[in-house]
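Worksheet: the structure to be examined is printed underneath.
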Amino acid sequence: MNGPVAYLVTTLGCLIGVAGVVVALVAVRKGRKAARPAAPADPFRDTDSDALRGDPRRLKPGDIVEIRRVSYAVRGSVHLNEGGWSWAEHLLDTAEGDKRWLSVEEDPDLELVLWTVEPAATITPGASALDFAGRRYALEESGQARFTATGSTGLDPSGTLRYHDYRAQAGERLSFEAYGQAGWEVARGEQLHRADVMVYPQAGPEAS
């Protein structure tokens, strides 16, 4: 075998060897990706409370929710998403027409907040601290989320929400929300204990 032919054969052999290594590495990587386990469930989730008191994470229009012995019907639900983070807000209504909002969020623990809208409020968000109804609230977070609405909420089926959330030292909440091009809506919030809330799912096409 002359020199040029031998060089060509040697070069081809090296290329075939490199290609084999690359194929092997790709196969190993694909295998590892396919074998990656799913994210584990929260080991501290209170499944006993969910079973006994109903799961607030699965609330939907038409359900009944009892909060501190007051029964509300879920009139509508708003599901929000911001950068992969999701939460829900449910419009509640009593037989006497008392309307509230219940927010349900896992952060990572389940957080339930009962909101009362303040239609007469004239304050606007943006400052690092605000005084309202005798309390000082510090800005906690703000942003913009996408939403989808079901049931009777008075909102479009989908759109965007701008928000600013404030918190007082004792834990009271103050929220500013603006759906679409609407103005700011102000609401005061009170965090609930899990035992404060009892859910009664109603039969229907979305019933669990």
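Here are the numbers:
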quantity	calculated
Computed accessible area, Leu155, all protein chains, 1.4 angstrom probe, square angstrom	50
For segment 52-208, accessible area per residue (1.4 Å probe, heavy atoms of protein chains only), Å²	55
Viscosity 0.890 mPa s, temperature 25 °C, Stokes-Einstein D of segment 71-143 from Kirkwood C-alpha radius, µm²/s	170
Taking segment 148-187 and dividing mean pair separation by its residue count, relative contact order in percent (alpha carbons under 8 Å, at least six apart)	29
Principal axis dimensions, segment 84-208 - Cα atoms, whole angstrom, descending	45, 35, 35
Accessible surface of segment 94-208, 1.4 Å probe, proportion on carbon and sulfur as whole %	46
Filtered trypsin sites (Lys or Arg not before Pro), segment 46-115: DSSP coil and at most 14 other beta carbons within 10 Å	Arg68, Arg69
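The values are calculated or read from the model by the stated rules, or taken from the named source; none is laboratory data. These figures come from a predicted structure and were not determined experimentally. Methodologically, a virtual Cβ is constructed for each residue, glycine included, from the backbone with ideal geometry; neighbour enumeration extends over all protein chains shown. Accessible surface areas use protein heavy atoms only, side chains included; no ligands, DNA or RNA. Shrake-Rupley method; radii C 1.70, N 1.55, O 1.52, S 1.80 Å.
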